[in-house]
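The structure appears below as structure tokens.
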Amino acid sequence: TIGKTRSVWVLLDVYQDQFSRIAVGDSVAVSVDGTADSVYTAKIQFVSPVLDPSTMTGKARCTLGNDSGLFRPAMFCSARVFHPAGRGLLVPSTAAFYDGNGKTYVFVKTSRDAFQKREIKIGRVTREKLESLGGLSRTDLVVADRGIFLNEELQLSQH
């Protein structure tokens, strides 16, 4: 017997290396299989303090409103958690490049047709994002991809 389903719990599997990157209150973008590529937002309400030894995962829980009855118990979903860890700004990993001096740089747009090479200090790094701990402000427009080519142009123009 299924009770009221005006709201449904979404239970997320959390691997042990992910526990430090999630917390109660974090935003979650949930994609539910079979719901026309829609993304639903929620907040983590609970993070389990234990791991299931058979799956080596713990659970995080959030709740989705379900007034329309779209969601059914035991449906599969995928979720992306947004955790505001660290004190820096996040930029795409593809924005950063490394010069011959071992430092990390990005290009920042300074005017319509001008860019500035800027050294940044790196914090946490994932496959998709890196944390800039210094060198950027929130209002900077960063070249998101292929900044290395701008760097090559810059070096050629200096010779």
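Computed over the chain, the range of Cα coordinates on each principal axis works out to 76, 34, 23 Å, biggest value leading.
Summing charges over neighbours of residue 58, with a neighbour being any other residue whose Cβ is under 10 Å away from its Cβ, gives -1 when K and R count +1 and D and E count -1.
First compute the accessible area of the range 31-159 with a 1.4 Å probe, then give the percent of it belonging to carbon and sulfur atoms. Of all accessible area on the range 31-159, carbon and sulfur atoms account for 53 percent. Overall shape: prolate for the range 102-142, with the ratio a/c of the largest to smallest alpha carbon gyration tensor axis at 1.5 or above and a/b above b/c.
Calculated mean residue ellipticity, 222 nm, the chain: -2000 deg cm²/dmol, from DSSP H runs (n ≥ 4) at -39500 (n - 2.57) each, averaged per residue and rounded to 500.
Based on protein heavy atoms only, the chain ends up with 70 Å² per residue of surface accessible to a 1.4 Å probe. Three principal axis extents of the range 12-75 based on alpha-carbon atoms, in descending order, are 34, 25, 18 Å. Take each peptide in 97-110, 144-157, count the other Cβ atoms within 10 Å of every residue, and average; sorted highest first, the result is 97-110, 144-157. One Cα centroid belongs to the range 99-159, the other to the range 27-85; the line between them spans 35 Å. A simple spin-label model places the labels of residue 51 and residue 31 2.7 nm from each other, with each point 7 Å out along Cα-to-Cβ.
Neighbours of residue 42, meaning other residues whose beta-carbon lies under 12 angstrom from its beta-carbon, give a summed charge of +2 when Lys and Arg score +1 and Asp and Glu score -1. Overall shape: prolate for the range 56-142, with the ratio a/c of the largest to smallest alpha carbon gyration tensor axis at 1.5 or above and a/b above b/c. The angle between the Cα long axis of helix 147-157 and the main principal axis of the chain comes to about 0°, on a 0 to 90 degree scale.
The values are calculated or read from the model by the stated rules, or taken from the named source; none is laboratory data. All values reported here derive from a predicted model rather than from experimental measurement. Here Cβ is always computed from backbone atoms with ideal geometry, including for glycine, and neighbour counts include all displayed protein chains. We work out accessible area using only protein heavy atoms, side chains counted, and drop any ligands, DNA or RNA first. Shrake-Rupley method; radii C 1.70, N 1.55, O 1.52, S 1.80 Å.
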